[in-house]
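The values are calculated or read from the model by the stated rules, or taken from the named source; none is laboratory data. All values derive from a computational prediction rather than experimental measurement. Glycine gets a Cβ as well: all are built from the backbone with ideal geometry, and neighbour counts include every protein chain shown.
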């Protein structure tokens, strides 16, 4: 094409059966709605100026000349190095090419266009500073936008279903802003490049944002969803991630042999790890939310977690106290000395919360804050502050609660079971509990009779304490954990005092407690034995004594020997009983002495009759002397 030319809708479609070249210095103007069909392997080459400007409802169409079109049917629209930087493709549809748009050392504007079903690359930039704005690049078999040794602006594009790369940037310095990238192995891939990656949304990818040898890259206001890795960073120092959210991913952030600062960011619902820090890498987080249990550290790597802290100082009514002094210590070393402004606020400062050093368990820093304002009391001041999140720590002047025992009165004499009652109040807070104790016993919770413990009571059985003076102390605690006590003294006078379990029992009382049961036992045994003897005597009168079975002496000797061997009797008792048993055995073995008796025979009946009998007991015969 050697002169300026216009392709209009009335003469379309235009069919390119061979390459069409716009020569240097020549302009081709294509009107809205015009259709251009290209044969296989043909391209539109721009050495001059291309102005293909359609409209949203009447796009310019670049398509295949086949009846059944397929990706790769024609070559590309190629801007060569001599082409004018004023070239524009706007509101066009480019489909079924190998490369949709190919720019070589040229910088056209490609805007609001659709690049669909490209075989290899939607847009290919070589040493190009092209402007790629608000395009839709979909269904590309390899790369949506391929940036090689270029410095383009890629803004507001939708890139989807591109198989391998949404945007690939190699050896380049690019501005990549507000793009939506989905359904690719790598959503946004940078290698040996530096880029500003701002406001992009990446979803359903293997790697959301992949950086390798990409030092100094800034990743700001991005969101990565439903991907394998949120951010993958390798061999890239001085990289900054800010205001970025990674949600529903396998690994939040992987860092290898790199240094990274990530601030104001969030990692949510990771399946495995929020942070995987490997290869002696160093990561610092500031005001970044993540799950501390999902941290994987390698030896030589560090993770330092920091957050923002401000301090607010108020009076008891919630009004700001300006010019209050604020001191902040980090691990017991003074870190900041501040004062509050007219709003009672100190400036925001950065405080280290914890540090992971080569292990998955963090070493906690201790952050201590103290405030002062005249002589006003502040609860829990100074205090250790939880710095796991950024926040404003509030110090509010607090007055202690009051508590009073209204009944009984101080010095009153009491007995039996009584009701101890009282009141409590907190001027600028809430009473959270009232307790009471007797003398030095443990604290007991009282019964709340009105809201906020303003009226309370306690049931006290004075019989569980010895007579005499006893101290009653009530204690009220407020919502700032401040407490106040009130004490009175009463005199217990009970007729029969039962010594309380927690009383101090002296040795005389202890002797009595041990002796009395013993005496009772002795008297009971004596009484029982006396009753038994009386009962036995009565039974002996009523019936003859039953014959007791005789135990042979050798059996009795055997028993006494076994008792001695088993240790039930002493040796002295054993020997005396053994001697006695043996004497009895000797006596029983002697022949019994028999008396000599005399008799004679009855002359009448011939029966034996005692010699001294006067008549026969058998026949009654009488005998003479």
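Within the stretch 234-248, take every residue that is over 15 Å from residue 288 (Cβ atoms) and touching a residue at least 24 places away in the same chain (Cβ under 8 Å) and give me the one that is surrounded by the most Cβ atoms within 10 Å (Cβ to Cβ).
Here is the first cut: in the stretch 234-248, the ones over 15 Å from residue 288 (Cβ atoms) are 234-238, 248.
Subsequent filtering for residues that are touching a residue at least 24 places away in the same chain (Cβ under 8 Å) retains 234, 236.
Working: 234: 18, 236: 25.
So the residue we want is 236.
Of the residues 137, 159, which is farther than 22 Å from residue 83 by Cβ, part of a strand (DSSP E or B) and in contact (Cβ under 8 Å) with a residue 24 or more places away in the chain?
Step by step, each of 137, 159 is checked, and only 159 is farther than 22 Å from residue 83 by Cβ, part of a strand (DSSP E or B) and in contact (Cβ under 8 Å) with a residue 24 or more places away in the chain.
Given 181, 175, 249, which one is part of a strand (DSSP E or B) and closer than 23 Å to residue 285 by Cβ?
Going through 181, 175, 249 in turn, just one is part of a strand (DSSP E or B) and closer than 23 Å to residue 285 by Cβ: 249.
Check the stretch 206-229 and report whether any residue there is assigned to a strand (DSSP E or B), surrounded by fewer than 17 Cβ atoms within 10 Å (Cβ to Cβ) and without any contact (Cβ under 8 Å) to a residue 24 or more places away in the chain.
yes
Got a number for residues in the stretch 162-175 being within 16 Å of residue 203 (Cβ to Cβ), without any contact (Cβ under 8 Å) to a residue 40 or more places away in the chain and crowded, with 20+ Cβ neighbours inside 10 Å?
3
Among 91, 124, 99, which is under 56 Å from the mean Cα position of the chain (by Cα), at positive phi and not assigned by TED's automatic domain parsing to the domain that holds residue 166?
91
Of everything in the stretch 31-57, what is free of Cβ contacts under 8 Å to residues at least 40 places away in the same chain and either touching a helix residue (DSSP H, G or I) at 6+ places or on another chain (Cβ under 9 Å) or outside the structural domain of residue 95 (by TED's automatic domain parsing) (or both)? Give them in sequence order.
31, 33, 34, 35
Among the residues of the stretch 342-372, write down those that are within 16 Å of residue 318 (Cα to Cα) and out of contact with any strand residue (DSSP E or B) (no Cβ under 6 Å at 6 or more places or on another chain).
342
Of the conditions (1) modelled with pLDDT under 90; (2) under 18 Å from residue 409 (Cβ atoms), residue 456 satisfies every one except a single condition; which number is it?
For residue 456, the failing item is (1).
Restricting attention to the stretch 297-317, which residues are surrounded by 22 or more Cβ atoms within 10 Å (Cβ to Cβ) and over 11 Å from residue 285 (Cα atoms)?
301, 309, 311, 313
Tally the residues that are within 15 Å of residue 45 (Cα to Cα) and out of contact with any strand residue (DSSP E or B) (no Cβ under 6 Å at 6 or more places or on another chain), restricting the search to the stretch 87-126.
Looking only at that region, the number is 3.
Taking into account only those residues within the stretch 477-506 that are in contact with a helix residue (DSSP H, G or I) (Cβ under 7 Å, 6 or more places away or on another chain) and modelled with pLDDT of 85 or more, which is nearest to residue 420 (Cα to Cα)?
Taking the candidates together, the pick is 492.
Residue 351 fails exactly one of the following numbered conditions: (1) modelled with pLDDT of 95 or more; (2) assigned to a loop (DSSP other than H, G, I, E, B); (3) crowded, with 18+ Cβ neighbours inside 10 Å. What is the number of that condition?
Residue 351 satisfies every listed condition except (2).
Which one of 298, 270 is touching a residue at least 24 places away in the same chain (Cβ under 8 Å), in contact with a strand residue (DSSP E or B) (Cβ under 9 Å, 6 or more places away or on another chain) and not assigned by TED's automatic domain parsing to the domain that holds residue 203?
Going through 298, 270 in turn, just one is touching a residue at least 24 places away in the same chain (Cβ under 8 Å), in contact with a strand residue (DSSP E or B) (Cβ under 9 Å, 6 or more places away or on another chain) and not assigned by TED's automatic domain parsing to the domain that holds residue 203: 298.
Out of all the residues in the stretch 354-371, which are under 17 Å from the mean Cα position of the chain (by Cα) and in a loop (DSSP other than H, G, I, E, B)?
Residues satisfying the conditions are 360, 361, 362.
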